[in-house]
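K.L.:
Take a look at this one; I'll ask things after.
The values are calculated or read from the model by the stated rules, or taken from the named source; none is laboratory data. The shown structure was predicted, so the numbers you read here are calculated from the model rather than taken from an experiment. Quick reminder, even Gly has a Cβ in these numbers, built from the backbone with ideal geometry, and neighbours come from all protein chains shown. Side chains are part of the model used for accessible areas, which takes the heavy atoms of the whole protein and leaves out ligands, DNA and RNA. Shrake-Rupley method; radii C 1.70, N 1.55, O 1.52, S 1.80 Å.
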Amino acid sequence: QVAVTIFRPSTAETLDLNMTRAKISAYQIEVEDLGDGMFYVRIPQFASTTGEDFSLLMKIMKQKGLKGLLLDLRDNPGGFLDAAVDVAGELVPRGPIVQLRRKDMRQVIYSDKDGEPIPTVILVNGGTASASEIVAGAVRDRGKGILVGERTFGKACVQTTVSLGDDLGGFKITIADYYTPKGAGISGVGLRPNIVAKQESLTIPDPILYQRNMKQLMVGLDVLALQTSLKFLGYDPGDLDGIYGPKTEAAVISFLKDHGKKYDGAVTSEEASFINRSVAEKAVNIPDTVLAECEGILRHWLELIGN
């Protein structure tokens, strides 16, 4: 523990605190119990503690009746090789996890864990790279796992840093490439998913930058922002032309009415702020269509094998 004294200049008071030093990972594993023995786990990056954390998490999930796993590796840029090997080792039998190759050299990295393969659906996309591709490839090749999403990034190389001396920096060189346990190359090509699934995307409009009350016959970029926001929210403002015409006004009236608000002939700062908040709320709540599809796939899989 460390004793800390905080001084508050505004009140001339001091506050004594006792703080405990601890290592905190910036990349926490996310987990959600989906019911019926299914769990969702997201690993945003492979930090030094990820392997240990995942092993503990697997024990807890098994105690809670784990039958199938949704492992989300989307936009995971990689990280520590040891952590990736530890995570894969929890999901595949004891044995090879990844191959390292360069010219005539070949090295196989093994897991000594007695992992128990369970039905696993791994979510991947173009941001799934490096160590996360190692896990995805190992589970696909040796465990009960399938990949769903988009082709992975294809960055599967072993690099080392060469120092040029004090204050001169350095550079990285590639000394080997990663291959899956069955010998499939990853670098430059990525991993092709077993089932292709793309996230339904919506273009989120820029916020309305309020400069003036907007009303009929006004023209400007603020009106265009208003129109695009209304369209995003499901209302028809007419052509997105930056002209506050009858259709745009009708869309404003309809939107305000649906939210229990009255239109007084213009969009003021109050209405503009409310529309901006509505856009932000909808943007946060855009459904994860790939995750929903993967949950359906895993549920059907478990039904087929009688779990």
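K.L.:
Restricting attention to segment 157-181, and to residues there that are outside any strand (DSSP E or B) and at pLDDT 75 or above, which single residue is most open to solvent (accessible area, probe 1.4 Å)?
P.N.:
Pro181
K.L.:
Counting only residues that are modelled with pLDDT of 90 or more, in contact with a Leu (Cβ under 9 Å, 6 or more places away or on another chain) and open to solvent by 20 Å² or more (accessible area, probe 1.4 Å), give me the strands (runs of 3 or more DSSP E) lying completely in segment 1-74 with at least 1 of them.
P.N.:
Qualifying strands (runs of 3 or more DSSP E): 30-35, 38-42.
K.L.:
May I ask you to list the residues in segment 264-273 that are of a type outside the set (Val, Ile, Thr), closer than 12 Å to Leu226 by Cβ and either touching a Leu at 6+ places or on another chain (Cβ under 9 Å) or exposed (fewer than 13 other Cβ atoms within 10 Å of the Cβ) (or both)?
P.N.:
Glu271, Ala272
K.L.:
Check segment 182-203 and report whether any residue there is polar (S, T, N, Q), under 30 Å from Gln99 (Cα atoms), open to solvent by less than 60 Å² (accessible area, probe 1.4 Å) and touching a residue at least 60 places away in the same chain (Cβ under 8 Å).
P.N.:
So far as segment 182-203 goes, no, none of its residues is polar (S, T, N, Q), under 30 Å from Gln99 (Cα atoms), open to solvent by less than 60 Å² (accessible area, probe 1.4 Å) and touching a residue at least 60 places away in the same chain (Cβ under 8 Å).
K.L.:
Go through segment 276-298 and give me each residue that's assigned to a helix (DSSP H, G or I) and surrounded by fewer than 16 Cβ atoms within 10 Å (Cβ to Cβ).
P.N.:
Result: Arg277, Ala280, Glu281, Lys282, Ala283, Val284, Thr289, Ala292, Gly296.
K.L.:
May I pose another question? Could you run through segment 109-134 and say how many residues are touching a Leu at 6+ places or on another chain (Cβ under 8 Å), under 18 Å from Val158 (Cβ atoms) and open to solvent by 10 Å² or more (accessible area, probe 1.4 Å)?
P.N.:
Number of matching residues: 1.
K.L.:
Consider only pairs whose beta carbons are under 6 Å apart and that are at least six residues apart or on different chains; among these, list those whose first residue lies in segment 99-114 and is under 20 Å from Asp82 (Cβ atoms) and whose second residue is acidic (Asp, Glu) and open to solvent by less than 60 Å² (accessible area, probe 1.4 Å).
P.N.:
So the pair list comes out as Arg101/Asp177.
K.L.:
Follow-up question, since we're still on this one. Being open to solvent by 70 Å² or more (accessible area, probe 1.4 Å), touching a residue at least 60 places away in the same chain (Cβ under 8 Å) and either hydrophobic (A, V, I, L, M, F, W, C) or farther than 25 Å from Ile286 by Cα (or both) is the filter here, so list the residues in segment 205-263 that pass it.
P.N.:
Result: Tyr210, single match.
K.L.:
In addition: Could you pull out the residue among Val108, Val92 that is over 23 Å from the mean Cα position of the chain (by Cα) and within 30 Å of Gly306 (Cβ to Cβ)?
P.N.:
Residue meeting the stated conditions: Val92.
K.L.:
Please find, within segment 251-275, the residue that is farthest from Arg212 (Cα to Cα) out of those that are of a type in the set (Asp, Glu) and outside any loop (DSSP other than H, G, I, E, B).
P.N.:
Asp258
K.L.:
Quick one: count up the residues across segment 75-107 that are β-branched (Val, Ile, Thr) and either open to solvent by 50 Å² or more (accessible area, probe 1.4 Å) or closer than 17 Å to Glu30 by Cα (or both).
P.N.:
Counting residues in segment 75-107 that are β-branched (Val, Ile, Thr) and either open to solvent by 50 Å² or more (accessible area, probe 1.4 Å) or closer than 17 Å to Glu30 by Cα (or both) gives 1.
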